[in-house]
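Colleague: Just dropping this structure here.
The values are calculated or read from the model by the stated rules, or taken from the named source; none is laboratory data. In this text, all values refer to a predicted model and were calculated from it rather than measured experimentally. For neighbour counting, all protein chains shown are included, and Cβ atoms are generated from backbone atoms with ideal geometry for every residue, glycine included.
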Amino acid sequence: MNVLVLGAGQLARMMALSIKPLNIEVLAYDVGSKQVVNPLAPQHPVCDLAAGIERADVITAEFEHVAHDVLALCEASGKLKPSAQAIKIGGDRRLEKALLTTCDAANAKHHIISSEQDFQTAIEALSLPIILKSALEGYDGKGQWRLKSKEDAATIWQDIERFISSNPKQGIVAEQMVPFSREVSLVGARSVSGEVKTYPLTENHHTDGVLSVSTALADEPQLQQQATEVFTRLTQEMEYVGVLAIEFFQVGDQLLVNEIAPRVHNSGHWTQQGCDCSQFANHIRAVCGLPLGSTELARPTAMINILGEDTLPQAALGMDGVNVHWYGKEKRAGRKMGHINVSGKDQAQLEQRLLTIAQLLPNESFADIKSYIAKQCS
């Protein structure tokens, strides 16, 4: 079977690597070069998009910001999973909020902004502080503003107005800032037949707005059930096929949806070593109509993102329970270059290994991560 992935980044690469044992071939459409490539050797074009669509048995996506004309071509082939609309929902916070409302999924109080009048209405309707997020193309903390005082409103509006004017399709979602205790995410898969399997909830830590550490949560039955119910409602409403991630804010015993991602997700990378079937393999299984693999936690596991570095101390590579995944990218400050999965036979061993590897990581790039691990594992 042949799969075409829209997008040729590290997620397509990991999908290709994960599913090779099942004799499934994965190619990827590079949205920059507009060529179909092998995601393991993207420097060598294979064909154009039209030929790639013809060649594929199934088409899917590794990110949600796919040009709508490309989605339309793929949808017309009858091969696209999940649907173009599901992918668009993940790329537009306005559509996402509408879906959450339809499915009665708890989320932050919000207001849609497309004009200065909307901005003023949002300030009156929501109590400060307010976070303002771009409706399109916002990720890793980009395209966001925080309004803490009405005295700052005029300055922030001028910045937002310039931002909106650069793209007539752009808009802003104003959200009541939530006093949450932690961020968790749920990654799950839904098959063609409607079968749903979810991985254990993951606790997430961010550094400068970018995910830096994710840890699988082994014993959170009440929260796991709550998150799975939301996942099931959303995916049923969209008739979704594939892996989808939901980020939540935990407020007391309640989970509020922060955002959804219609694809494999950074907070699910730990599943490569923590489960018998990773999120990458399960996504391809789902879109290809194969049975879903096990999503149960096989061993306590955490992931550390490698940001802006292209080497690690050799001692880290020699540690038991440590697996490094590089993405083959050119080094750039703050860029996701790879990740480290750390596993243990039990939670105590996982924490000890996290403390050990944290000591090996360079302070310049990993200071916040080292501090977080020391606090969590002490």
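Colleague: So which residues in segment 203-220 are of a type outside the set (D, E, K, R) and part of a strand (DSSP E or B)?
Modeller: Asn204, His205, His206, Thr207, Val210, Leu211, Ser212, Val213, Ser214, Thr215, Ala216
Colleague: Can you name the number of the only condition in (1) in the same structural domain as Leu211 (by TED's automatic domain parsing); (2) part of a loop (DSSP other than H, G, I, E, B) that Lys169 fails?
Modeller: If we test Lys169 against (1) in the same structural domain as Leu211 (by TED's automatic domain parsing); (2) part of a loop (DSSP other than H, G, I, E, B), just (1) comes out false.
Colleague: Looking at Leu95, is it in contact with a strand residue (DSSP E or B) (Cβ under 9 Å, 6 or more places away or on another chain) and either more than 20 Å from Phe163 (Cα to Cα) or part of a helix (DSSP H, G or I) (or both)?
Modeller: No; evaluated as a whole, the condition is false for this residue.
Colleague: So is Ala302 under 20 Å from the mean Cα position of the chain (by Cα), small (Gly, Ala, Ser), buried (at least 23 other Cβ atoms within 10 Å of the Cβ) and outside any helix (DSSP H, G or I) or not?
Modeller: Against the criterion (under 20 Å from the mean Cα position of the chain (by Cα), small (Gly, Ala, Ser), buried (at least 23 other Cβ atoms within 10 Å of the Cβ) and outside any helix (DSSP H, G or I)), Ala302 qualifies.
Colleague: Follow-up question, since we're still on this one. Given the conditions (1) β-branched (Val, Ile, Thr); (2) farther than 23 Å from Lys88 by Cα; (3) touching a residue at least 60 places away in the same chain (Cβ under 8 Å), which single one is not true for Val46?
Modeller: Checking Val46 against (1) β-branched (Val, Ile, Thr); (2) farther than 23 Å from Lys88 by Cα; (3) touching a residue at least 60 places away in the same chain (Cβ under 8 Å), the one that fails is (3).
Colleague: Give the residues of segment 206-223 that are in contact (Cβ under 8 Å) with a residue 60 or more places away in the chain, surrounded by fewer than 20 Cβ atoms within 10 Å (Cβ to Cβ) and not small (Gly, Ala, Ser), sorted by residue number.
Modeller: His206, Thr207, Asp208, Val210
Colleague: Can we say Leu350 is buried (at least 17 other Cβ atoms within 10 Å of the Cβ) and part of a loop (DSSP other than H, G, I, E, B)?
Modeller: Considered against the rule, which asks whether it is buried (at least 17 other Cβ atoms within 10 Å of the Cβ) and part of a loop (DSSP other than H, G, I, E, B), Leu350 comes out as no.
Colleague: Same structure again: Test Glu64 against the criterion of being assigned to a loop (DSSP other than H, G, I, E, B), at negative phi and crowded, with 20+ Cβ neighbours inside 10 Å, and give yes or no.
Modeller: Criteria met by Glu64.
Colleague: Tell me, yes or no, whether segment 334-343 has at least one residue that is of a type outside the set (Phe, Trp, Tyr), part of a loop (DSSP other than H, G, I, E, B) and under 27 Å from Leu40 (Cα atoms).
Modeller: Yes; the residues of segment 334-343 include at least one that is of a type outside the set (Phe, Trp, Tyr), part of a loop (DSSP other than H, G, I, E, B) and under 27 Å from Leu40 (Cα atoms).
Colleague: Is it true that Gly7 is outside the structural domain of Pro262 (by TED's automatic domain parsing) and modelled with pLDDT under 95?
Modeller: no
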